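**Student:** Please find one structure pasted underneath; my questions will follow.
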Amino acid sequence: MIAYIIRRTLYAIPILIGVNLITFTLFFVVNSPDDMARLHLGVKRVTPEAIDKWKQERGYDKPLLYNEGAAGAGRITDTIFYEKSARLFVLDFGQSDEGRAIGEDIRERMWPSLAIAIPALLIGLLVNITFALLLAFFRATYIDLWGVVALVIMMSVSTLFYIIGGQYLIGKLMSLVPISGYDDGGLNAIRFLILPVLIGVIGGVGSGTRWYRTIFLEEMGKDYVRTARAKGLSELKVLFRHVLKNAMIPILTGVVVVIPTLFMGSLLLESFFGVPGLGSYTIDAIRNQDFAVVRAMVFLGSLLYILGLLLTDISYTLVDPRIRLS
Amino acid sequence: MAHRLGFHSKALFFTISMLVLAACSDRPWNNPYPPADDGKNILYQAFSERPKHLDPVRSYSSNEYSFLGQIVEPPLHYHYLDRPYRLAALTAKQVPVPDYYDQQDQLLPADARLEDIAYSVYEIVIQPGIQYQPHPAFARDEQGELRYQNLTEADLTDKWKLSDFSHSGSRELVAADYVYQIKRLAHPRLDSPIYSIMSEYIVGLTDYAKELKQVDSKLTPEQDEGRHKPWLDLTKYPLQGVQIVDRYRYRIRIKGKYPQFLYWLAMPFFAPTPPEVDRFYAQPGMKQRNISMDWYPVGTGAYMLSENNPNLRMVMVKNPNFRGMAYPARIGSGKVSPELLVDAGKPMPFIDKVVYSLEKETIPYWSKFLQGYYDLSGISSDSFDQAVQFNVSGEVNLTDAMQKKGIRLLTEVQSSTMYMGFNMIDPVVGGDSERARLLRRAISIAIDYEEFIRIFRNGRGLVAQSLLPPGIIGFQEGEQGMNPYIFDWVNGKPRRKSVDQARQLLAQAGYPQGRDAKTGQPLVIYLDIAAGGPDDKAMLDWFRKQFARLDLQLSVRNTDYNRFQEKMRKGNAQLFMWGWNADYPDPENFMFLLYGPNSRVKHAGENAANYSNPEFDVLFDQMKNMDNGPERIAVINRMLEIIRADAPWIWGYHPKQYVLHHSWYGNAVSNLFAHNTLMYKRIDARVREQKRRQWNQPVIWPIFAVVLLLVLSLVPGFVAYRRKEHRSQRHALNSSDNQTGKHS
């Protein structure tokens, strides 16, 4: 397994370089260093000298990818791409274009993201599995039929609708929880998390429940379930003791892959609820054309996704002894 | 089974008990603020965008000034109530009157001729005894040495914000602090946006910037690029045009005569910076921890920033060292409501603490305002109809729902102009030819800005007659202030000339029916715009419709703002939309937007239309140096006549600001130029508390209804399941009986 992990880690390097290159290209196709300087320096009374100076201080005065004026390796290393990307591979995120330490910002802002993402994931998992089991239990009845219809409708509704509707209904009309905001002061934070977590859960019920229902129904068609029924086990026992246990393999592996990406936060939820997480951090950086933060966040996202896939592979071997990594 | 039922009963009992307990507390459940703050004298506001700079030498936008203006104090400020806007002394003893000198440095009389004046000298005397807010940069140890001035990165391991420094101190404001700040305008690392304009006026500032650049490059050799840069001690380098006379007195020497300089003295650019604070922030590791002047400005103002977390909230508290100022007791010529004078003479500030919460989206912001959790709010287009209605005579009123809540509305025409500019170096619409002039006038008539304001601004705007908005010297109401090239005076108000008249002008210009008379080709006008908002498509369609009234085709070249600026810089646009928000209430701050030597393409200035008229330029040079009075007004009128005739802009409109506030928010008055307005405001926290409780009673019955509905919807399923189980059991028993029978 160790050889497998090392090999996968080595595979990750060209992937990350590729992701960096694509991010770099996309970013600089849309924005030039001059644009970035103007956005940072403001609109009023900005002189060309100030723009040149801003670029020089942040290393944006160099060629993008290839420096013809340099000699030897300098042609590659004395470029914006190299200088802005090389350090990422040792997880040195450097400073934002405004001069703040990105690593520190990430450390600070990942907690609010996790505070929403982890409960939403766990509660969502519980709710989705419960509903999926319920529908599987009543399969081919009107409950199953109308349940699936409801799930398809829920899947089709935009997250934005859940957010605005939730804020209006629960925060405004019912006055049960604050409409938006965040508090990092321990238990008091919980009342700010109720609504975003609830909306996160409800927003995921449609697709989640349908996915798990499919898994359960697939399991229920297998021979061992028929054997269990033939033994005279009640449907509930069949469902909980056998079907659920065996369906946990795809469920767990599906969950493991998203765990690392929980750090990245939710863009919409964080924006509407004023949560200072990494999702809003990324959006702000795009809006402010802060390339240093954008590349750091894209790099981090890619790294976490690769990590998630690796963990998924490892978790397969843990939950299913038949699988061996080679 | 009995045991399990017992557990469920307990859980249900616990849940109900919690709900009942919560219901017994009359504190609203949706109150986003800590219970400890209930009933306190705290103002709650929101901000939607993180301030980019709070360093007074860099900060230059209104959202930054709403924080910074409360913290730092330039020598002058604007009188809170007096209109027209009037400068008053803030930390200065009085508004300085300049002395004029000739080339030989001989003092000239106050009414000296403009051409004789080589220099103006402003001597500013500040009040003694003004103290800075508590700050660690001022903290001293037992030996009297500054405690935090020689820190290493290792000393900062546990310091992530200003409050992590256990000691703080203060000291008296002195003239040297103001001088130090003026020197910072030329600091090579700070990129002050007004360095360029100030270097034209402050004697020696250009050379000073060069000197500092040299010194700075020696401090940070090329091989150390990217590493920490040591403090650049500006006290070691004198600036020729700025002198410390004594502890409370300093002089600024200006080239020629520049009366608008006084307005700059009311902006945070000229607020004091203590050298020890600059040195404190320049220590290694500080910037990486966001401990910088841009994050924690230091001042002598009524408030100080106690929490700066712009991703969540920013909190300002009363500066305990603030000297106290009295609420204005009398005003000059302007009229104010008597309720604004109730606090006259009382010491300010009235509010203890201000909490600004980040609200990026308008919907939650509006909802929380209606719940009483924000004390004031703007009106977004989504909520406009909910908040405001127009009566038959076109007057704006609050809706019944708003009036019932006691909400009040403040409106004010802003000191801004939103316009469409013609690129005057464009071969079709630009230039000084009569043909181009008539074309520009025809287009100016055709674009019905009255309709534009009704449709796209919800009536929140005033059609512009020139580039000067109300409140600026030179603006005139009535027929005298009307643009006669675009409007006729009918029934006591300006009426836009007809489209037929515009068509006639177009024909005279050589474009009958919108076609070039020589080539027969239809005339296509290209509009460059940075429009990406949801309403922009409708707006652009509307503009196309306006041009179509003259049989002209409008081709819209929509782009992002950066590309737009690029086009403007290179002069590639033909027609563009832009706006200007005044720095100070003087016509010079608008007229310079059409001053030839300020043209964008030739001189990278703010004259985006690249307009150049020799007579206008001469008059501008004359007008900007004149003192206010009838002579100046006459010059301004002539300038307005020139630009109205030339029509380098389609004058557009002046936006109107609508602000809503609750009944408990007092001393609310709109002051477009003052930055330190927070100290005048008042809150009745008792009324607010009462209203919040009244408006936010929790409604819990829907929760029970939903649970009941879910349970009821499962009952038929459960019954069906029981039947199915019974059937299975009976089937199994029957099968078993049959098999037994067969065997027997």
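The values are calculated or read from the model by the stated rules, or taken from the named source; none is laboratory data. Not measured: the values here are computed from a predicted model. Here the Cβ positions follow ideal geometry from the backbone for every residue, glycine too, while neighbour counts run over all protein chains shown. Heavy atoms of the whole protein, side chains included, go into the accessibility calculation; ligands, DNA and RNA do not. Shrake-Rupley method; radii C 1.70, N 1.55, O 1.52, S 1.80 Å.
**Student:** What whole-number value in cubic angstrom gives the convex hull volume per residue for the C-alpha atoms of chain B?
**Tutor:** Taking the convex hull of the Cα positions in chain B, it is 301 Å³ per residue.
**Student:** Just the number, please: Stokes-Einstein D of the range A:120-218 in µm²/s, Kirkwood Rh from C-alpha pairs, 20 °C, 1.002 mPa s.
**Tutor:** In µm²/s, the coefficient is 147.
**Student:** On the first, second and third principal axes, largest extent first, how far apart are the outermost C-alpha atoms of the range B:416-657 in Å?
**Tutor:** The Cα atoms of the range B:416-657 stretch 51, 45, 40 Å along their principal axes.
**Student:** Related question: Which of A:Pro112, A:Pro48, A:Pro276 moves the most in a Gaussian network model of chain A with Cα springs under 10 Å?
**Tutor:** Fluctuation is largest for A:Pro48.
**Student:** A further question on this structure: Cα atoms only, the range B:321-437: Rg and Dmax in Å?
**Tutor:** For the range B:321-437, the Cα radius of gyration and maximum Cα-Cα distance read 22.3, 65 Å.
**Student:** Roughly how many whole Å is it from the C-alpha centroid of the range A:216-274 to that of the range B:270-320?
**Tutor:** 52
**Student:** Probe radius 1.4 Å, ligands and nucleic acids left out: which of B:Trp160, B:Trp29 has the largest accessible area, and how do the rest follow?
**Tutor:** B:Trp160, B:Trp29
**Student:** Under a 1.4 Å probe, what is the accessible area of the protein assembly as shown per residue, stated in Å²?
**Tutor:** Result: 46 Å² of accessible area for each residue.
**Student:** Can you list which of the GluC sites (Glu not before Pro) found in the range B:123-219 are DSSP loop residues with at most 15 other C-beta atoms within 10 Å?
**Tutor:** B:Glu142, B:Glu145, B:Glu200
**Student:** Which three numbers, in whole Å and largest first, are the semi-axes of the equivalent ellipsoid of the protein assembly as shown derived from its Cα gyration tensor as √(5λ)?
**Tutor:** 59, 36, 33
**Student:** Output the peptides A:212-225, B:72-85 sorted from most to least packed, where packing is the average of other Cβ atoms within 10 Å over each peptide's residues.
**Tutor:** The densest-packed peptide leads the list: B:72-85, A:212-225.
**Student:** Which of the DSSP-defined H helices in chain A satisfy a minimum axial length of 20 Å, computed from C-alpha atoms, and a minimum mean Kyte-Doolittle hydropathy of -1.0?
**Tutor:** Correct list, ordered by number: A:2-30, A:102-137, A:142-156, A:190-220, A:244-258, A:291-319.
**Student:** Regarding the range A:2-90, what are the three Cα extents along the principal axes, ordered largest first, in Å?
**Tutor:** That gives 59, 30, 21 Å along the principal axes, largest extent first.
**Student:** Helices from chain B with mean Kyte-Doolittle at least 0.0 and a Cα length along the axis of 30 Å or more, per DSSP H: which?
**Tutor:** Span-like helices, by this rule, are B:2-24.
**Student:** What's the carbon and sulfur percent of the range B:54-295's accessible surface, probe 1.4 angstrom, rounded to a whole number?
**Tutor:** The computed percentage sits at 48.
**Student:** Here's another thing I want to ask about it. Defining a contact as two alpha carbons under 8 Å apart and six or more residues distant in sequence, what relative contact order in percent does the range A:1-128 show?
**Tutor:** 13
**Student:** Would you work out which of B:Pro98, B:Gly666, B:Leu708 lies farthest towards the positive end of the dipole of the protein assembly as shown? Charges go on Cβ: Lys and Arg +1, Asp and Glu -1.
**Tutor:** Positive-most Cα among the choices belongs to B:Leu708.
**Student:** Okay, next question. Within the range B:262-299, list the residues whose amide N lies under 18 Å from a label point set 7 Å along Cα→Cβ of B:Lys236.
**Tutor:** Within reach of a label on B:Lys236, which here means backbone N under 18 Å from a point 7 Å along Cα→Cβ, the range B:262-299 contributes B:275-284.
**Student:** Rounded to a whole number, what % of the accessible area of the range A:109-287 do carbon and sulfur atoms account for, probe 1.4 Å?
**Tutor:** For the range A:109-287, the apolar C and S fraction of the accessible surface comes to 73 percent.
**Student:** Let me ask something else. Peptide B:310-316: average number of partner chain Cβ atoms within 10 Å per residue?
**Tutor:** Shielding by partners across B:310-316 averages 4.
**Student:** If you put +1 on each Lys and Arg Cβ and -1 on each Asp and Glu Cβ, how big is the dipole of chain B around its Cα centre, in Debye rounded to 20?
**Tutor:** Magnitude of the dipole: close to 2920 debye.
**Student:** What percent of all Cα-Cα pairs in chain A falls in each 20 Å bin, counting up from 0?
**Tutor:** Bins of 20 Å from zero give 24, 48, 24, 4, 0 percent of pairs.
**Student:** Let me ask another. To the nearest 10 Å², what's B:Leu708's accessible area with a 1.4 Å probe?
**Tutor:** The accessible area comes out at roughly 100 Å².
**Student:** Same structure again: Mind listing which GluC sites (Glu not before Pro) in the range A:1-106 are in a DSSP loop and have 10 or fewer other Cβ atoms within 10 Å?
**Tutor:** Of the GluC sites (Glu not before Pro), the ones in loops of the range A:1-106 whose Cβ has at most 10 other Cβ atoms within 10 Å are A:Glu68.
**Student:** Before we go on, tell me the buried accessible area for the A/B pair, both chains summed, 1.4 Å probe, in Å² to the nearest 100.
**Tutor:** In total, chains A and B hide about 5200 Å² from solvent.
**Student:** Starting from the range A:73-166, pick out the chymotrypsin sites (Phe, Trp or Tyr not before Pro) whose DSSP state is loop and whose Cβ has at most 13 other Cβ atoms within 10 Å.
**Tutor:** Within the range A:73-166, no chymotrypsin sites (Phe, Trp or Tyr not before Pro) qualify (loop, at most 13 other Cβ atoms within 10 Å).
**Student:** Also, I was wondering about something else. Sticking with the crude label model, points 7 Å out along Cα→Cβ, report the distance from B:His603 to A:Leu311 in nm, one decimal please.
**Tutor:** Label at B:His603, label at A:Leu311, 6.1 nm between them.
**Student:** In addition: May I ask for the distance between the Cα centers of the range B:118-196 and the range A:156-205, given as a whole number of Å?
**Tutor:** About 44 Å separates the Cα centre of the range B:118-196 from the one of the range A:156-205.
**Student:** At a 1.4 Å probe radius, which order do A:Asp92, B:Asp448, B:Asp627 fall into by accessible area, largest first?
**Tutor:** B:Asp627, A:Asp92, B:Asp448
**Student:** When Cβ neighbours within 10 Å are restricted to other protein chains, what is their mean count per residue of peptide B:614-623?
**Tutor:** 0
**Student:** If I histogram all Cα-Cα distances within the range A:109-287 using bins 5 Å wide from 0, what percent of pairs lands in each bin?
**Tutor:** All Cα pairs considered, the percentages come to 1, 8, 14, 17, 16, 14, 11, 8, 5, 3, 1, 0, 0.
**Student:** Given a cut-off of 19 Å, name the pairs among B:Lys236/B:Lys257; B:Lys567/B:Lys602; B:Lys183/B:Lys255; B:Lys255/B:Lys624 whose C-alpha atoms lie farther apart than that in the structure shown.
**Tutor:** From B:Lys236/B:Lys257; B:Lys567/B:Lys602; B:Lys183/B:Lys255; B:Lys255/B:Lys624, over 19 Å: B:Lys236/B:Lys257.
**Student:** Roughly how many Å is it from the Cα centre of the range B:481-515 to that of the range A:288-326, as a whole number?
**Tutor:** That distance is 66 Å.
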